[in-house]
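In what follows, a single structure is set out as structure tokens and then discussed.
The values are calculated or read from the model by the stated rules, or taken from the named source; none is laboratory data. Just so it is clear, the model here is predicted, and its values are computed rather than measured. Note that each Cβ is placed from the backbone with ideal geometry, even for glycine, and that neighbours are counted across all protein chains shown.
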Amino acid sequence: MEVSMERESIITLLNTIINVSENIQNKKIKDIAASNIDKLFKQNLNLVVLGQFKRGKTTVINSMLGANVLPTAVIPLTSIITKLVYSEHQIVTVKFYDGKTKEVSLEEISDYVTERNNPNNIKGVDYVEIGYPSEYLRQGIVLVDTPGIGSTFAHNTAVAYNYLPNMDAGIFVVSGDPPLSEVEYNYLDSIKLYIEKIFFLFNKIDIMTEEECRESLEFTKNLIEKKLNVKEIKIFPVSARLALQAKLNNDKMLYIKSNFREFEDALDTFIKKDKYNTLIRSINNRAINLLKDLKMEIEITINAINSPIDELREKIRLLKEKIGIIDKRIKEMQVLLEDEIKTLKTDLENDVEQFKSQASERLKAGLLNLSYDDKHKDAILQTFTNYLKQGINDECSRWFKTEEEKISQSLSQILMNYAKAVDEETNNIRTLAADLFNVRFNKTDELTYLDPYSRLWYKVDDIITWGIDNIPMVLPNLFFKNYIVKQTKKRIDEEIDRNAGRARYDLFRRIDNTKNKFIEELENRRSAVVEGIISAVTKAEQIKITSESEISERLRSLQDYMNQLETIV
Ligand SMILES: Nc1nc2c(ncn2[C@@H]2O[C@H](COP(=O)(O)OP(=O)(O)O)[C@@H](O)[C@H]2O)c(=O)[nH]1
Ligand SMILES: [Mg+2]
């Protein structure tokens, strides 16, 4: 596959850079190259498979991999997910909340993920990770098998909110037999915000006649469109079972019959456009720039060794002086950056306050439109509780998503501008050194790019509230109703306040983390160039006062490194 090819060649390039930079003792470049390899390996594309149990989620994963990796028909009623990642050999690891891990066999998985063997997750399992030698996973894709959607609201929400923010693409599996359930229908609420990256699969078409399939698909599609409030959704009718069989037996006709191609192609296109590719491109660009810097450093050393000592010393003096001036300018830019971050935080603060008052107002106004059977206290209570839960959930998640997007965009704008300015100054240093030592240097701009994986993510684990407590059920109906209204209003304020406060705290923290990491990365990039150049010339100065034979030995090995670098691209 295209992506994985590119990944391989970038890794080869970075490994050569690591070798040569180690030889010429440029630790900074070596570290940057190593950390980029690390990035390539660590940062994955999360493909999350969602849906009610028995719809065929696990089968879909196996079909995508073209192998019977995961045991199907295991019903993990606990909320434990299974992640499939690339590994040279098959290895199954159970990861526990306390950080411990345990290697198990594939057959033992059910000891950890099923309600029967691990009731209420008493074993404290965080998730199960399966390493598997598949080409598909090798390109950095992680397939996440989620447990079947449970039957309680709390469970749904937990599953939805814990995984959805980390998802790069989602595959929602439904089928016609039995038709879309109420649980699935309600679950659609949770994925509403992510609809642009969710693929809908209508599975098990092999057990229906064409007629049944058309009807059932139409029915399901209409329901989904209604719930998501969209005109037209794309839903792929497939048979995961046939697709798997087809792949296992290399049966082209059967694969066509499974109807899996259209889905896999669409997914592939989506992935290729994804930020993951942008990451690959930016790492590629970084690697090429590191390569240029290394070459320049070697050439400078060679030229420096070949120039008269007095001239060399004068050039070194000049170089250090100019670098000093540029360093100062960068410090000034950093002060400006901190100012902009402060402004961003003030904006966020204002948005939080505005959200709090508007959301509270909206939710309280909505209380007037509630209809319920006002003779039964239980029914009244239930109606208000549901309204509160749903309302808080909707308001908060909608706002978080927009706000996060907004903050994230402003932050990347600010950081990009800063990066551009710093990179320009770094280029000035390169050009200066190239001129002084008569070396060719053609610059390529850095494809600076804000790591999407350090992007602001929200964590909303207990956004929902647990209703209205301590209700005096003995009150006469009218008083009871007034009491409930008053209590609900109070709870609305409390819950909005609590959730907004958490979001604010979280976003602040992540703004700082992202900023600090970004500055550090830029600083490393810059100092790799500066230190490389300085050490190139000072080493040349030292070599010049040794013997002829040492000088020519040194020149020979430098030429050798140069050749190594020249052959890779
Ligand atoms: N006929 C048919 N059965 C399927 C298909 N996909 C899955 N199944 C069966 O449905 C059952 C549940 O599948 P599984 O993948 O474990 O579902 P999960 O609980 O959603 O992960 C298993 O017995 C599968 O063999 C399909 O495309 N056609
Ligand atoms: Mg399953």
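Could you please give the count of residues in the stretch 168-193 that are at pLDDT 80 or above, over 20 Å from Lys54 (Cα atoms) and not charged (D, E, K, R)? Final tally of qualifying residues: 1.
Go through the residues of the stretch 53-60 one by one and say whether even a single one is more than 11 Å from ligand 1 (Cβ to nearest atom) and at pLDDT below 90. Outline the logic, then answer.
Residues of the stretch 53-60 more than 11 Å from ligand 1 (Cβ to nearest atom): none.
Within the stretch 53-60, not a single residue is more than 11 Å from ligand 1 (Cβ to nearest atom) and at pLDDT below 90.
Given the condition away from ligand 1 (no atom under 15 Å from the Cβ), modelled with pLDDT under 95, farther than 21 Å from Asn68 by Cα and outside any loop (DSSP other than H, G, I, E, B), answer yes or no: does some residue in the stretch 227-243 qualify? Yes.
Can you say whether Arg261 is in contact with a Ser or Thr (Cβ under 8 Å, 6 or more places away or on another chain), surrounded by 13 or more Cβ atoms within 10 Å (Cβ to Cβ) and of a type in the set (Lys, Arg), as far as the supplied structure shows? Judged against the criteria, Arg261 is not a match.
Quick one: is Arg214 in a helix (DSSP H, G or I) and either within 16 Å of ligand 2 (Cβ to nearest atom) or not assigned by TED's automatic domain parsing to the domain that holds Leu193 (or both)? No; evaluated as a whole, the condition is false for this residue.
Inside the stretch 107-136, residues that are surrounded by 15 or more Cβ atoms within 10 Å (Cβ to Cβ), among the aliphatic types (A, V, I, L, M) and modelled with pLDDT under 90 make up a count of 3.
Just give me the residues in the stretch 269-288 being without any contact (Cβ under 8 Å) to a residue 24 or more places away in the chain and either surrounded by 15 or more Cβ atoms within 10 Å (Cβ to Cβ) or of a type outside the set (S, T, N, Q) (or both), in sequence order.
At the first step, the residues of the stretch 269-288 found to be without any contact (Cβ under 8 Å) to a residue 24 or more places away in the chain are 269, 273.
Across the stretch 269-288, the qualifying residue is only Lys273.
When we screen Lys539, Lys490, Lys515 for residues that are assigned by TED's automatic domain parsing to the domain that holds Phe400, charged (D, E, K, R) and closer than 30 Å to Gly391 by Cα, the only hit is Lys490.
Table: residues versus (1) at pLDDT 90 or above; (2) within 14 Å of ligand 1 (Cβ to nearest atom); (3) surrounded by fewer than 21 Cβ atoms within 10 Å (Cβ to Cβ); (4) of a type outside the set (A, V, I, L, M, F, W, C).
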position	(1), (2), (3), (4)
Asn19	yes, no, yes, yes
Lys39	no, no, yes, yes
Ser63	yes, yes, no, yes
Pro71	no, yes, yes, yes
Val74	no, yes, yes, no
Lys95	yes, no, yes, yes
Gly99	no, no, yes, yes
Val104	yes, no, yes, no
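Hey, any hits in the stretch 80-101 for a residue that's within 16 Å of ligand 2 (Cβ to nearest atom), touching a Phe, Trp or Tyr at 6+ places or on another chain (Cβ under 8 Å) and in a loop (DSSP other than H, G, I, E, B)? Yes: the stretch 80-101 contains one or more residues that are within 16 Å of ligand 2 (Cβ to nearest atom), touching a Phe, Trp or Tyr at 6+ places or on another chain (Cβ under 8 Å) and in a loop (DSSP other than H, G, I, E, B). When the test is whether a residue is within 11 Å of ligand 1 (Cβ to nearest atom) and either surrounded by 15 or more Cβ atoms within 10 Å (Cβ to Cβ) or under 22 Å from Asp265 (Cα atoms) (or both), Ile81 does not pass it.
Matching residues to (1) in the same structural domain as Val439 (by TED's automatic domain parsing); (2) surrounded by fewer than 19 Cβ atoms within 10 Å (Cβ to Cβ); (3) more than 30 Å from the chain's Cα centre (by Cα):
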| position | (1), (2), (3) |
| --- | --- |
| Ile316 | yes, yes, yes |
| Leu319 | yes, no, yes |
| Gly324 | yes, yes, yes |
| Gln334 | yes, yes, no |
| Thr343 | yes, yes, no |
| Thr346 | yes, yes, no |
| Glu353 | yes, yes, no |
| Arg362 | yes, yes, yes |
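Taking the stretch 225-242 as the range and being out of contact with any strand residue (DSSP E or B) (no Cβ under 7 Å at 6 or more places or on another chain) and either acidic (Asp, Glu) or within 16 Å of ligand 2 (Cβ to nearest atom) (or both) as the test, the residues that pass are Glu225, Glu232, Arg241. Does at least one position in the stretch 253-261 carry a residue that is more than 17 Å from the chain's Cα centre (by Cα), closer than 24 Å to Leu40 by Cα, in a helix (DSSP H, G or I) and within 16 Å of ligand 1 (Cβ to nearest atom)? No, the stretch 253-261 contains no residue that is more than 17 Å from the chain's Cα centre (by Cα), closer than 24 Å to Leu40 by Cα, in a helix (DSSP H, G or I) and within 16 Å of ligand 1 (Cβ to nearest atom). Do you know which residues across the stretch 53-76 are more than 10 Å from ligand 2 (Cβ to nearest atom) and either assigned to a loop (DSSP other than H, G, I, E, B) or among the small types (Gly, Ala, Ser) (or both)? Scanning the stretch 53-76 gives Ser63, Gly66, Ala67, Asn68, Val69. The residues of the stretch 503-550 that are free of Cβ contacts under 8 Å to residues at least 24 places away in the same chain and among the basic types (Lys, Arg) amount to a single one, Arg509. Residues satisfying the criterion are absent from the stretch 264-276 (criterion: within 13 Å of ligand 1 (Cβ to nearest atom) and in the same structural domain as Ile61 (by TED's automatic domain parsing)).
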